[in-house]
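The values are calculated or read from the model by the stated rules, or taken from the named source; none is laboratory data. This is a predicted model, so every value here is computed, not measured. Using ideal geometry, Cβ is built from the backbone for each residue, glycine included, and neighbour counts are taken over all protein chains shown. In case anyone asks, the SASA skips ligands and DNA or RNA and just uses the protein heavy atoms, side chains included. Shrake-Rupley method; radii C 1.70, N 1.55, O 1.52, S 1.80 Å.
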Amino acid sequence: DAGVIQSPRHEVTEMGQEVTLRCKPISGHDYLFWYRQTMMRGLELLIYFNNNVPIDDSGMPEDRFSAKMPNASFSTLKIQPSEPRDSAVYFCASSLSPGSNQPQHFGDGTRLSIL
Amino acid sequence: AQSVAQPEDQVNVAEGNPLTVKCTYSVSGNPYLFWYVQYPNRGLQFLLKYITGDNLVKGSYGFEAEFNKSQTSFHLKKPSALVSDSALYFCALRGGRRALTFGSGTRLQVQP
């Protein structure tokens, strides 16, 4: 089991640049979640997908943030334009249907620094 | 609305002593409760879950958690702490929403 794979692990870029974070969920998992972790706000849910369809994006902070899931094995989180306050660790997680109360499996995150 | 509270930012315990990390929750309906652990520069790892049944749930690495419906609590416990248990611990709740609501996290420090 390869686990959830995120790339890049670290990203440093200048304010105003576009940032794209990538996630490959565990094969067979039909739910995918994007989280953001900061010291000030803790772990926040940004958006989640079921069978590649966005279900709840109420946690997406602004229109600068967008997420897509073009197929069952790939998702992206894009920030355009990026701002220093976007600096955080971004996690992707996947799970089987929550109806079975299966736990979420997390990737190791992307540490994003916006200068 | 559902919520999870972890009242302690940090818990310090000596190696070999029992440990408890506290969690309380608020939700309408039946709660589904989880504990996760996060080591430095890593994602969250699942430890255990309570869905229904026995109020004492056993999980990975010797951890267990006690569900108490009257006190709306789900405290994480371990009989004998190890230095390697030092990490950040998160309690999480799934109520009506499909996604999890996480607590603010508790840093466990086990001293040798």
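Any residue in region B:43-65 that's among the acidic types (Asp, Glu): show its pairings with residues that are assigned to a strand (DSSP E or B) at Cβ separation under 8 Å, as long as the two are six or more apart or on different chains.
So the pair list comes out as B:Glu64/B:Leu48; B:Glu64/B:Leu56; B:Glu64/B:Val57; B:Glu64/B:Lys58; B:Glu64/B:Leu76; B:Glu64/B:Lys77; B:Glu64/B:Lys78.
Any idea how many residues of region B:56-112 are under 14 Å from the mean Cα position of the chain (by Cα) and not acidic (Asp, Glu)?
Final tally of qualifying residues: 36.
Which condition number does A:Pro61 fail, the rest of (1) modelled with pLDDT under 95; (2) of a type outside the set (D, E, K, R); (3) open to solvent by less than 20 Å² (accessible area, probe 1.4 Å) being met?
The single condition A:Pro61 does not satisfy is (3).
What number of residues in region A:100-113 are touching a Gly at 6+ places or on another chain (Cβ under 9 Å) and open to solvent by less than 10 Å² (accessible area, probe 1.4 Å)?
Total satisfying the criteria: 2.
Being at pLDDT 90 or above and among the aliphatic types (A, V, I, L, M) is the filter here, so list the residues in region B:28-62 that pass it.
B:Leu33, B:Val37, B:Leu44, B:Leu47, B:Leu48, B:Leu56, B:Val57
Check every one of the strands (runs of 3 or more DSSP E) wholly within region A:50-115 and list those with 1 or more residues that are of a type in the set (D, E, K, R).
Fully inside region A:50-115 and qualifying: A:53-56, A:65-71, A:74-79, A:110-114.
Go through region B:17-35 residue by residue and tally those that are more than 16 Å from B:Ala5 (Cβ to Cβ) and under 15 Å from the mean Cα position of the chain (by Cα).
Summing the residues that are more than 16 Å from B:Ala5 (Cβ to Cβ) and under 15 Å from the mean Cα position of the chain (by Cα) in region B:17-35 gives 3.
Inside region A:1-47, counting only strands (runs of 3 or more DSSP E) that do not spill past its ends, which hold 1 or more residues that are in contact (Cβ under 8 Å) with a residue 40 or more places away in the chain and within 10 Å of the chain's Cα centre (by Cα)?
Here the list reads A:5-7, A:19-24, A:31-38.
Report the residue count in region B:15-37 for those that are open to solvent by less than 10 Å² (accessible area, probe 1.4 Å) and in contact with a helix residue (DSSP H, G or I) (Cβ under 6 Å, 6 or more places away or on another chain).
So the count comes out to 0.
Run down A:Tyr48, A:Tyr90 and say which single residue is surrounded by 15 or more Cβ atoms within 10 Å (Cβ to Cβ), of a type in the set (Ser, Thr, Tyr) and within 18 Å of B:Gly105 (Cβ to Cβ).
Answer to the check: A:Tyr90.
Answer with yes or no whether B:Asn12 is open to solvent by less than 50 Å² (accessible area, probe 1.4 Å) and polar (S, T, N, Q).
In short, no.
Sort through A:Ser82, A:Ser75, A:Ser97 and tell me the only one that's more than 13 Å from the chain's Cα centre (by Cα) and open to solvent by less than 10 Å² (accessible area, probe 1.4 Å).
Checking each option against the conditions leaves just A:Ser82.
Is at least one residue of region A:20-39 under 18 Å from B:Ala92 (Cβ atoms), surrounded by fewer than 18 Cβ atoms within 10 Å (Cβ to Cβ) and within 12 Å of another protein chain (Cβ to nearest Cβ)?
Taking every residue of region A:20-39 in turn, at least one turns out to be under 18 Å from B:Ala92 (Cβ atoms), surrounded by fewer than 18 Cβ atoms within 10 Å (Cβ to Cβ) and within 12 Å of another protein chain (Cβ to nearest Cβ).
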